[in-house]
1. Can you pull the Kirkwood radius for segment 88-373, inverse mean 1/r over Cα pairs, to one decimal in Å?
2. If you take the Cα Rg of segment 213-272 and divide it by 2.2 N^0.38 Å, with N the number of residues, what do you get?
3. What percent do you get for the relative contact order of segment 377-614 when only Cα pairs under 8 Å and 6+ apart count?
4. Got a sec to turn the phi values of segment 372-380 into Karplus ³J(HN,Hα) couplings, 6.51 cos²θ - 1.76 cosθ + 1.60 with θ = phi - 60°, whole Hz, x for Gly and Pro?
5. Largest first, please: the extent of the C-alpha atoms of segment 681-742 along each principal axis, to the nearest Å.
6. Just to confirm the filter: which chymotrypsin sites (Phe, Trp or Tyr not before Pro) across segment 222-305 are DSSP coil and have at most 11 other Cβ within 10 angstrom of their Cβ?
7. How big is the shadow of the Cα convex hull of segment 377-614, averaged over all directions, in nm²?
8. Any idea what Rg and Dmax come out to for segment 153-275 if you just take the C-alpha atoms, in Å?
Amino acid sequence: MTANRLDSFSTRSTLTVDGKAYDYFSLPKAEAAGLEGVSQLPFSLKVLLENLLRYEDGRSVTDADVKALVAWVKDRKSDHEIAYRPARVLMQDFTGVPAVVDLATMRAAMKQLGGDVNRINPLSPVDLVIDHSVQVDRFGTPTAFEENVDLEMERNAERYSFLRWGQGAFNNFRVVPPGTGICHQVNLEYLAKTVWTAEEDGRTVAYPDTLVGTDSHTTMVNGLAVLGWGVGGIEAEAAMLGQPVSMVIPEVIGFKLTGKLKEGTTATDLVLTVTQMLRKKGVVGKFVEFYGEGLDNMVLTDRATIANMAPEYGATCGFFPIDGETLNYLRLSGRDDETVALVEAYAKAQGMWREAGSPDPVFTDTLELDMSTVEPSLAGPKRPQDRVPLSTVPASFRESLPTLTKNKGTAADVVAEVAGADYKLAHGHVAIAAITSCTNTSNPDVMLGAGLVAKKAVERGLTVKPWVKTSLAPGSKVVTEYLRAAGVQDALDALGFNLVGYGCTTCIGNSGPLAEPISAAVNASDLVVTSVLSGNRNFEGRVNPDVRANYLASPMLVVVYAIAGSVLVDLDKEPLGHDKDGSPVFLRDIWPTSAEIRETVRSVITSQMFRGEYADVFSGDAAWQAIQAPEGETYEWDDASTYVKMPPYFDGMSPVASDEIAPINGARALAILGDSVTTDHISPAGNIAKNSPAARYLTEHGVAPADFNSYGARRGNHEVMMRGTFANVRIRNEMVPGVEGGVHPPHPDRRAAQHL
């Protein structure tokens with residue numbers, strides 16, 4: 001970890017906590033040695049500075065790097081590039097399986113070349129959480145969870161067998177089995193420590209908990225003062241193998257929070273407001289750090305909600321410093337006393353502790369939000385930064401409709417019959433209402449708030465509209481415990497929000513199919529039906545191929561819109577339905593007060609819930625343990641597999657490196673893409689369309705359409721992954737105007753446009 005530091009910046013010191021000694025690299029000592037300005041740095045840059053001091057060796061990290069970071073205080077920006085080494089790596093299974101495939105392929109190549117395969121191992125700790133594979137095939141019944149889990153295990157048995165092999169074959173590699181929770185929530189509730197420790201030469205070294213992850217919402221853990229963000233697979237693999245992340249010292253935008261949320265508003269409303277503000281500000285490639293007296297009124301799970309959506313507001317991360325609330329959450333979530341004591345002592349010793357009255361750091365630029373001005377909101381219909389006040393959702397949808405439908409109609413133009421049903425569908429009807437995603441399912445206030453909404457709605461006799469596909473996918477088993485302890489799960493079940501699985505589900509595109517008669521009606525009439533989900537992504541084609549408009553909302557509003565059945569219902573003025581006496585029931589009649597929610601949270605959530613659920617988190621259930629996995633140092637590749645396939649990267653490789661690179665001649669553009677093109681368009685994770693190149697490949701290899709699974713689930717096969725490029729059904733290539741989907745202009749030797 002350390003090596004031959006320059007004497008002028010040798011800051012190694014000792015911190016004793018409850019009788020135990022920890023070595024650490026002191027920032028105050030560095031400032032006393034001449035690095036003027038350290039104490040004025042943003043807290044997030046203090047984490048980077050500590051990292052440089054700890055790894056300073058005169059080669060990969062030099063005294064010039066350390067000085068450049070401290071000099072940031074003067075100019076509040078820098079163009080200096082540094083080598084940053086995160087403490088660990090977090091993966092989910094969609095992006096993690098390809099990384100493990102690469103490791104397995106490297107071992108195969110090493111074996112072929114006669115080398116020691118055990119030299120191929122992660123050098124940094126890696127946790128892979130299986131959370132992206134469960135789909136909402138079954139819903140609205142008491143058996144939905146068991147049936148979806150059975151389907152998940154059947155579809156993904158080969159991938160899971162491969163991961164079980166990796167768990168046994170590689171050092172520094174742990175797998176959290178399926179059915180446990182979403183990786184970011186598991187990270188927040190269990191894996192993260194805020195201050196990490198490692199043994200070095202018989203000494204325990206303490207340093208900030210940091211990470212990179214193969215998922216953009218790795219940023220959620222910044223709410224716990226753990227610096228982390230999402231990276232691509234190649235960067236993550238480099239970090240796994242001990243290589244530094246090369247980065248320019250970032251600008252840091254200070255976001256000052258004042259006041260507190262008013263009655264009737266939630267953390268979801270707050271994060272959608274913050275996202276809109278920061279998108280407008282422009283923070284791509286920058287850190288955002290939150291400060292101000294508003295933090296004194298903010299529970300940690302609200303901070304995590306805000307940190308989670310950093311990809312949506314465009315920042316590298318959204319960081320919250322360590323304070324008393326950090327310690328409160330560590331205790332509540334079952335961290336041991338030793339960890340909590342170390343976090344407090346370390347933060348105070350390093351000048352990383354924030355409390356009321358602490359001087360504000362220096363920032364590149366700032367903006368400010370009085371949280372009392374936040375109003376109930378959604379975001380949509382196709383971008384997370386497009387916040388829509390609740391009161392204007394119907395008007396906003398009508399305004400957006402011409403851009404969402406081919407026939408350019410209005411909301412009253414089309415009514416579609418549904419075969420075998422006693423209702424009709426129209427533009428704006430809610431086809432999917434999903435409580436899903438790490439953004440909100442990690443937040444007890446909005447989850448228990450949703451339960452209280454459901455309870456009040458059931459008591460008034462309200463029901464969900466029959467065309468709505470409802471689902472509840474908690475981010476961890478702890479959520480299920482406290483929903484049951486509060487006595488609200490029965491009401492959620494009564495409205496169709498039965499447990500469907502522990503995973504990302506609808507937010508990642510695993511919403512499952514709509515009922516066939518509904519899907520047929522939507523497509524026959526070119527209806528713009530909507531989804532309302534408590535997620536973070538609502539890009540076109542992401543949630544479900546039949547659903548063209550998608551709105552992000554709090555779990556509480558997800559329940560409300562499932563009852564309303566349409567985003568064209570004016571929730572301020574129109575009733576959601578009528579009670580058994582025929583009296584109208586309005587939103588205000590079933591909305592719990594903030595005091596009600598906080599008291600419920602306080603009375604039902606205990607640290608024992610966390611300790612119990614995470615006591616044996618890596619073992620998995622009987623289904624996971626029953627999976628047969630090969631053993632051995634190298635993987636036994638199956639040439640017939642359509643899930644896990646050895647890529648040809650090392651074919652023909654010799655022990656002697658070659659510097660010959662073949663030139664690329666005659667390259668042509670495949671696509672010209674407009675604004676708001678995302679990874680969902682370039683490499684979607686969801687549904688494999690039946691007429692796509694990937695579908696043709698699978699069909700040729702004997703896979704029935706019912707067994708296609710998703711693009712994400714098949715990323716361990718490079719043949720499918722290549723064919724999934726630009727496969728989003730809503731992508732628009734400006735070289736082929738008027739056409740949706742992944743197509744490109746005809747090759748000079750062909751007459752028709754081709755799939756990308």
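1. 20.5 Å
2. Ratio of Rg to 2.2 N^0.38 Å for segment 213-272: 1.54.
3. This gives 29 percent for segment 377-614.
4. My calculation for segment 372-380 gives 5, 8, 5, 10, x, 8, 10, 9, x Hz in order.
5. Largest first, segment 681-742 extends 34, 19, 16 Å along its Cα principal axes.
6. Nothing satisfies the criteria.
7. The directionally averaged projection comes out at 12.5 nm².
8. 18.3, 55
Quick note: the coordinates plus some simple rules give every number you see, no bench work behind them. Worth saying up front: this structure is predicted, and the values here are computed from it rather than measured. Quick reminder, even Gly has a Cβ in these numbers, built from the backbone with ideal geometry, and neighbours come from all protein chains shown.
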